[in-house]
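Following: one structure in structure tokens, then a few remarks.
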Protein chains: 2
Amino acid sequence: MPSETRQWILNKKPVDLPILTGDDETVTFKLTTAPLPKPTASQVLLKAFWLSNDPAQRTWIARDAVPGRMYMPPISEGSPMGAHALSEVLESGDPARLPVGSVVLAKSDWCEFSVQEITACQPITPLPGVRLSHFLGAFGFTGLTAYYGITEVVNATAEDTVVVSGAAGATGSMVVQIAKKLLGCKRVIGIAGSEEKCRWVEKLGADVCVNYRAPTFEQDLIRATPDFVEVYYDNVGGNILDFMLTRMKRHGRIAACGTIANYNNHSNPIGLKNFFEVISNRIHIHGFIVLDYIHKAAETMGVLVQAWQDGKIIVDDSLETVVEAKFEEIPQVWMKLFEGSNTGKLTTKLI
Amino acid sequence: MPSETRQWILNKKPVDLPILTGDDETVTFKLTTAPLPKPTASQVLLKAFWLSNDPAQRTWIARDAVPGRMYMPPISEGSPMGAHALSEVLESGDPARLPVGSVVLAKSDWCEFSVQEITACQPITPLPGVRLSHFLGAFGFTGLTAYYGITEVVNATAEDTVVVSGAAGATGSMVVQIAKKLLGCKRVIGIAGSEEKCRWVEKLGADVCVNYRAPTFEQDLIRATPDFVEVYYDNVGGNILDFMLTRMKRHGRIAACGTIANYNNHSNPIGLKNFFEVISNRIHIHGFIVLDYIHKAAETMGVLVQAWQDGKIIVDDSLETVVEAKFEEIPQVWMKLFEGSNTGKLTTKLI
């Protein structure tokens with residue numbers, strides 16, 4: 001059994017884009033080695049083999065994050081970079097509760113090995129025909145985030161036309177499917193970052209998907225929303241949210257899920273300038289975090305798996321971008337999130 | 001009876017601050033004369049004598065206002081500038097319904113005389129001891145706006161700590177009183193533009209009022225909200241709203257009533273940059289317009305008048321700034337709104 005682990009620690013909180021090379025004063029992450037404690041009777045020793053890459057991780061290392069204002073404690077400099085991962089149990093303090101060789105989802109951080117409380121590990125039971133990594137995405141926090149945002153937060157119904165930004169991303173691709181195929185929303189309009197992504201989002205069920213990188217984006221979105229929309233599921237914030245304020249129907253509802261447009265933009269964040277629309281059109285904006293609904297997670301996961309088994313939603317290889325990488329390459333893969341190079345969920349399979 | 005009227009028309013929609021002097025190409029308003037039709041059997045001829053000055057009027061003349069996105073049709077160039085006023089009935093098509101000599105509240109615009117439908121006129125029954133102009137403020141749309149925003153929109157209760165911006169203004173001064181004295185909110189914190197205004201807001205019932213023009217404003221507001229706040233009633237938007245996002249408690253509610261910070265700032269509006277707070281702290285933002293609740297207006301007015309009669313809320317001369325002015329001076333008086341020179345409601349008494 002290993003007595004130490006390689007780990008990526010947060011060396012210096014970034015202001016804007018994380019910096020991957022440089023000296024101790026500037027580089028964001030640093031590869032180090034740390035000793036591993038022996039698991040107690042309530043713990044297991046894990047080996048991570050598949051990492052979840054999430055835009056939210058960027059907010060955990062924000063330079064000015066105030067602990068009480070975050071939904072979890074910010075990561076301090078010198079601590080391992082936070083991440084959820086699928087891991088194998090190498091050693092168990094209580095094999096009856098969690099046997100050696102089983103697979104768990106846990107917040108294992110960017111550590112090769114880690115010791116975790118058994119209660120903090122979610123055992124994964126593989127589904128035939130489903131790649132394990134979907135438990136990081138469609139059948140994981142991402143699927144839950146999509147589900148609660150579109151149901152609990154804005155309560156979308158068959159009466160509603162829905163716009164989803166980041167529609168080709170991990171959460172957006174599930175929102176599109178849930179809105180169209182489970183809730184039967186009248187019309188679902190995606191926003192994504194390339195023509196290719198847009199066509200894929202339409203395959204998932206969107207009535208139409210608009211490319212925000214096209215020079216005609218605003219006109220395209222206006223054309224796609226001639227009667228305005230009741231619901232906007234916002235994964236991106238920034239200019240797209242600002243423009244969408246002008247496309248909301250009176251009393252429209254916005255689920256605010258992420259502001260990736262500003263995560264790497266601390267020194268000059270994009271501000272919302274069309275706020276008067278919120279007043280003149282009585283818009284409701286509701287921010288949310290998946291953790292608020294976590295007590296219903298098992299039940300909801302059942303709903304999503306059933307929907308997949310019934311052929312209502314697609315959960316296949318198209319729904320994720322898997323990057324095989326060495327432990328040394330973890331930060332580079334994670335940062336692909338901010339280049340928009342992934343379609344669906346971006347995961348790192350450690351080799 | 002007059003066969004024509006003096007009127008201020010919208011000459012050129014302003015980009016930023018309205019321009020009061022200049023040529024036809026630039027000047028915002030122009031004093032003209034227009035013929036008056038003879039009132040029909042369903043109409044009255046009115047003479048305006050007391051004008052309501054409202055920040056919202058600035059939004060009615062915004063350069064880029066899209067008709068369907070506004071809560072009322074934007075005013076077109078060449079049309080009279082919109083305004084609510086108290087007027088006397090000079091001639092009535094139906095004296096049994098609305099007698100000559102009675103006083104009405106109507107959208108009489110910046111016109112000396114106007115012909116209005118009787119159904120569009122709200123007859124005013126004077127209250128002993130109450131200056132008539134309070135029917136433009138505390139006992140008018142302003143009081144209603146304050147009431148619905150703090151009750152219906154964010155449903156403030158005795159459990160809540162409430163922050164109110166523009167607290168020395170027409171709406172804010174009523175919000176402070178309703179929140180503290182009618183709803184019994186736990187703590188009410190005002191934000192206003194001078195030390196003198198702040199002390200007055202505290203006299204109205206605020207536990208404390210913070211001067212946003214002080215160099216220590218942000219620290220002062222942090223000190224005034226050590227446990228953060230459940231409710232924010234926003235009359236101003238811009239930087240104050242942006243900062244308040246960082247002072248909201250988890251699941252906090254914001255009533256979005258006005259964004260005066262940007263009304264004269266079209267070419268470079270102040271953007272909201274702290275939007276991530278909406279997500280991380282699950283903030284709810286609800287925009288609203290008093291007109292949505294107008295079917296309850298009579299009942300609510302009864303509540304406010306009763307509260308005043310019971311000595312619970314103050315509705316006296318301190319609650320408004322009355323400017324006596326000639327018809328020619330209407331635009332200048334209105335623009336005092338944007339200098340912050342008024343305490344309470346700003347009204348123009350025509351001389």
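Structure notes:
- Considering B:N211, B:N239, B:N235, the condition of being surrounded by fewer than 24 Cβ atoms within 10 Å (Cβ to Cβ) and closer than 26 Å to B:V322 by Cα is satisfied by B:N211 alone.
- When each of B:A192, B:A206, B:A170, B:A179 is tested for being touching a strand residue (DSSP E or B) at 6+ places or on another chain (Cβ under 7 Å), crowded, with 24+ Cβ neighbours inside 10 Å and within 29 Å of B:F49 (Cβ to Cβ), the lone residue that passes is B:A170.
- Residue within the stretch A:226-240 that is without any contact (Cβ under 8 Å) to a residue 40 or more places away in the chain and among the aliphatic types (A, V, I, L, M) present: no
- Where a residue in the stretch A:198-221 is closer than 13 Å to A:T343 by Cβ and its partner, wherever it lies, is among the β-branched types (V, I, T) and not in a helix (DSSP H, G or I), with Cβ under 6 Å and at least six apart: none
- In the set B:I279, B:I289, only one residue is at pLDDT 95 or above and touching a Cys at 6+ places or on another chain (Cβ under 8 Å); that residue is B:I279.
- If you filter the stretch A:283-323 down to residues that are closer than 28 Å to B:F275 by Cβ and β-branched (V, I, T), you find that the one that is farthest from the other protein chains (Cβ to nearest Cβ) is A:T321.
- The stretch A:269-282 residues that are more than 7 Å from chain B (Cβ to nearest Cβ), paired with ones that are β-branched (V, I, T) and crowded, with 21+ Cβ neighbours inside 10 Å (beta carbon under 7 Å, 6 or more apart): none
- Top-ranked residue of the stretch B:242-268 - restricted to ones that are part of a loop (DSSP other than H, G, I, E, B) and more than 10 Å from every other protein chain (Cβ to nearest Cβ), ranked as surrounded by the most Cβ atoms within 10 Å (Cβ to Cβ): B:N264
- Checklist (1) in a loop (DSSP other than H, G, I, E, B); (2) away from chain B (no Cβ under 14 Å); (3) of a type outside the set (A, V, I, L, M); (4) crowded, with 22+ Cβ neighbours inside 10 Å applied to A:G78, failing item: (4)
- Residue in the stretch B:190-211 that is hydrophobic (A, V, I, L, M, F, W, C) and at positive phi present: no
The values are calculated or read from the model by the stated rules, or taken from the named source; none is laboratory data. Please read all numbers here as calculations on a predicted model, not as lab measurements. Every residue, glycine among them, receives a Cβ derived from its backbone with ideal geometry; neighbour counts consider all protein chains shown.
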